[in-house]
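The values are calculated or read from the model by the stated rules, or taken from the named source; none is laboratory data. The structure presented is a predicted model; accordingly, all values stated were derived computationally and were not measured. Cβ sites come from the backbone with ideal geometry, for glycine too, and all protein chains shown count toward neighbours.
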Amino acid sequence: MKSSGEPTESGAQRATLAPNRRRLWLFRFGAMLIVPALFFLVLELALRVAGYGYNPDFFLKQNIDGKSFFVQNEDFSRRFFPPETMRQPNALRMRAEKPPGSIRIFVLGESAAMGDPEPAFGPARYLEVLLQLRHPEMDFEVVNVSFTAINSHVLLPLARECAQHDGDLWLIYMGNNEMVGPFGAATILGAQAPPRPMVRLVTAIQRLRTGQLAMQLVRKLQKPGKTAGSWGGMAMFEKQRVAPKSPKRGAVYENFTENLEDMLQCGLDSGAKILLNTVAVNLRDSPPFASWPDETLSSAERKRFDELFAQGRHAQIVTRNATNAAQLFAEAAKCDAGFAEAHYRRAMCLEQTGQLDMARAEYQLACDTDALPFRTDSRLNQAIRDAATRHKPERLLVVDAASALAKDTPAGFCGEETFYEHVHFNFDGGYRLGLVWAKSVEQMLPQLQRHATTNDWATQAQSERRLGLSDWNRKLVLQSVLNRLAVAPLSSQFNQSERLQRLANRERDLLSGANEETVVEARALYAEAIAARPDDHYVREAFAVFLESCGDRAGALREWHKVAELLPHDFLPWFEIGSLLAKQGNHLEAQDNFRQALARRPSLVEGWSELGQSLGASQEFGPALAAFERASALRPADPVLWAYRARALAGLERRTEAIALYRKAIELNPAYVEAHVALGDQFSASGRISEAIAAYETALNLKPDYALAHLNLGVMFARQNRFDEAILEFRKTLALEPDNPVAQDYLRQVQAQKRGAR
């Protein structure tokens, strides 16, 4: 209670002072905000002036041969991937100004839409030539912005950029990486299935240099075990299994639905029409990568499931009673409905007994419950179908690619007649999807129907001739696929041996009857394709690969130089030119080209490795060591790179360090025969003969027909005056290499020494 002598405020005074106090409070609060805002503004400007950070946009403007184009930005995906695992878009060049009357089609998706394993012969490429062959008077520009390992979180900001570039039509084919890509439920590339607002915030702040700096600091503070490591393909995700009923899956479905809706609205607002695809996957010939046992089952229920599943496998594999096996797997699935392999094996049995509709449902359940979810599942495809119902059909058409491709198959569901493995199209599947797309494009753009010069679409053979696809290219693609299938988790699928054998037989048969006539025919095919599409860098790349495989390195160099003229911003032509020059012994020019490639893609491990080998061949061991160290830092688990570093150290006479690195290479791969021999060489040069002998003998235990190891072991025995053992090793060398002059000379010397010692 106030005393009578204290001044008091009247109600009128309080009414007058209140707004002033609020203004003062707001002024102070504003001042508090202005100071940090000014700080961050100054920091942002300083970082930009200093050249720190990267441009986060997808399209970069570049002048090529006096004309203005938009090209891909190698740094675009840095907002979404750790630096060690960053994925880059494929090479592209898009005219900065779309010519009047031309039709620009954007293809947005992941590796399947990109055309992996060889984008030159992917579905989008078939689409492009199908449209051109049917409408030769029209100008089509298919801009494929798809690339590996991305998902809807990455494609949404990419789509927003596409909206600024006059697309007539968008073709969206995405869903395979939703669970394993950035912010997915099974990703190793960062947070798993966070709320979408968090994803938007994290990626948005990295458009600023201050945000990029903050993210770099966060990553430096992470524990070593928390980083993803270098890119290792699907094998990186093998331990990131996710239960069929995991809440993380639900978060992914919600994020996908919202991202897709934003993409569609973005495209429609830009004035483009949209072909929205369901996603086809290999249901029939790609077993689930992993099955997740239901952890809520009691021990009795688990025992019951295990018994039924084992009995089902016995009936399927041993007694070959498909009907009984199907029933046993059905009973097992009642115990554990989320065990993917039970559904898959039941589907196989149902298909065998002709119950195709039930088989299709079980194959789909096997996909939906796969604990390593590398494929689009039924919920994602349903979200795609549902999204289409919210938009006008004259602007947005759903292309049910999954159903359309399945109709072409004998059983009514897709398998190896369409795919190489789980989701990537073979040549036949790529053409069939490209044709589905081409017909849909024509449906959405009525002006095309009025101007078709033929009622027929080009055949697959005609399309592939226009693409410059020869058996040489087919063989290389199959070799790439075979290498991929040899690595987990693809290598652990239980039908692996049969699948590998079929592909190996196909690869072996290609070019088995090649002769001068077939080479001439292939050259004519490339000449025709290049004449029809002289600015098609893919055709010239295919021609260069063909020429090198035929031994025409000079011709291959000419073609790669032409590719470099078309794509001066891309790393690939410079790298290939460098590789060809190095093979010809022209190391000085080779090194210049490798550096050009690395300036465009600093994360190119093969570029640093090839540069190091070329420098080593020029006796520049110091720079070679630096190049190998850059490669090894990007791929630390690669034993070959450790061995290359050791070889450079040996060239610098730093043998103790070289021995340590060879041992590290062997630790990473105990079966690395060449590293054992090189380690023996270093022991030999250091006078450690017993250790050298042990290293060579280890190599020969691993590879008994290794002539160099026999030769070097013989030399060690000779240095210890163990003449009989040395003679035996030199004779083994000559049995493997009869014309080896070094072995012949050593054998004569040791035989003479033996005679003199008697």
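Is it the case, given these coordinates, that T454 is closer than 28 Å to P117 by Cβ and out of contact with any Pro (no Cβ under 7 Å at 6 or more places or on another chain)?
Answer is no for this residue.
Can you work out which of the residues in the stretch 697-724 that are surrounded by fewer than 16 Cβ atoms within 10 Å (Cβ to Cβ) and free of Cβ contacts under 8 Å to residues at least 24 places away in the same chain is farthest from the chain's Cα centre (by Cα)?
If we take residues in the stretch 697-724 being surrounded by fewer than 16 Cβ atoms within 10 Å (Cβ to Cβ) and free of Cβ contacts under 8 Å to residues at least 24 places away in the same chain, then E697 is farthest from the chain's Cα centre (by Cα).
Any residue that is part of a loop (DSSP other than H, G, I, E, B) and at pLDDT below 90 - is there at least one of those in the stretch 77-84?
yes
Mind checking whether some residue in the stretch 403-425 is among the charged types (D, E, K, R), under 25 Å from the mean Cα position of the chain (by Cα) and not assigned by TED's automatic domain parsing to the domain that holds Y126?
no
For T453, only one of the following conditions fails: (1) among the hydroxyl-bearing types (S, T, Y); (2) at pLDDT 95 or above; (3) assigned by TED's automatic domain parsing to the domain that holds H135. What is its number?
It fails just one condition, (2).
From E498, E548, E516, which residue is farther than 29 Å from Q132 by Cα and crowded, with 19+ Cβ neighbours inside 10 Å?
Selected residue: E548, the only one of E498, E548, E516 that is farther than 29 Å from Q132 by Cα and crowded, with 19+ Cβ neighbours inside 10 Å.
Test of understanding: among A337, A310, A342, A330, which residue is free of Cβ contacts under 8 Å to residues at least 12 places away in the same chain, among the hydrophobic types (A, V, I, L, M, F, W, C) and not assigned by TED's automatic domain parsing to the domain that holds H422?
Exactly one residue qualifies, and that residue is A310.
Exactly one of these conditions fails for F723: (1) at pLDDT below 95; (2) within 25 Å of S618 (Cβ to Cβ). Give me its number.
Answer for F723: the failing condition is (2).
Given the conditions (1) closer than 22 Å to L469 by Cα; (2) assigned to a strand (DSSP E or B); (3) of a type outside the set (G, A, S), which single one is not true for L133?
Unmet for L133, out of (1) closer than 22 Å to L469 by Cα; (2) assigned to a strand (DSSP E or B); (3) of a type outside the set (G, A, S): (2).
I'm told S440 meets every condition in (1) of a type outside the set (D, E, K, R); (2) surrounded by fewer than 18 Cβ atoms within 10 Å (Cβ to Cβ); (3) in contact with a strand residue (DSSP E or B) (Cβ under 6 Å, 6 or more places away or on another chain) except one. Can you identify the failing condition by its number?
(2)
Within the stretch 555-574, track down each residue that is acidic (D, E) and either surrounded by fewer than 19 Cβ atoms within 10 Å (Cβ to Cβ) or under 24 Å from the mean Cα position of the chain (by Cα) (or both).
Within the stretch 555-574, E565, D570 qualify.
Starting from the stretch 595-620, keep only residues that are basic (K, R), then list their pairs with residues that are assigned to a helix (DSSP H, G or I) whose Cβ atoms are within a distance under 6 Å, requiring at least 6 positions of separation or different chains.
From the stretch 595-620, the pairs are R600/F571; R601/F571.
Can you tell me which residue is surrounded by the most Cβ atoms within 10 Å (Cβ to Cβ) among those in the stretch 400-418 that are among the hydrophobic types (A, V, I, L, M, F, W, C) and closer than 21 Å to K439 by Cα?
Per the stated criteria, the residue is C414.
Output yes when any residue across the stretch 167-179 is farther than 23 Å from D400 by Cβ and in a loop (DSSP other than H, G, I, E, B), and no when none is.
No: zero hits.
Return yes or no: is P244 closer than 28 Å to I172 by Cβ, assigned to a loop (DSSP other than H, G, I, E, B) and touching a residue at least 60 places away in the same chain (Cβ under 8 Å)?
The answer is yes for P244.
Does L580 count as modelled with pLDDT of 95 or more, aliphatic (A, V, I, L, M) and surrounded by fewer than 23 Cβ atoms within 10 Å (Cβ to Cβ)?
yes
Table: residues versus (1) farther than 24 Å from G250 by Cα; (2) surrounded by 18 or more Cβ atoms within 10 Å (Cβ to Cβ).
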| position | (1), (2) |
| --- | --- |
| F339 | no, yes |
| A347 | yes, yes |
| T353 | yes, no |
| A361 | no, no |
| A371 | no, yes |
| R385 | no, no |
| P393 | yes, no |
| V398 | no, yes |
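For the structure I just gave you, tell me whether A694 is surrounded by fewer than 23 Cβ atoms within 10 Å (Cβ to Cβ), modelled with pLDDT of 95 or more and either among the hydrophobic types (A, V, I, L, M, F, W, C) or part of a helix (DSSP H, G or I) (or both).
Judged against the criteria, A694 is a match.
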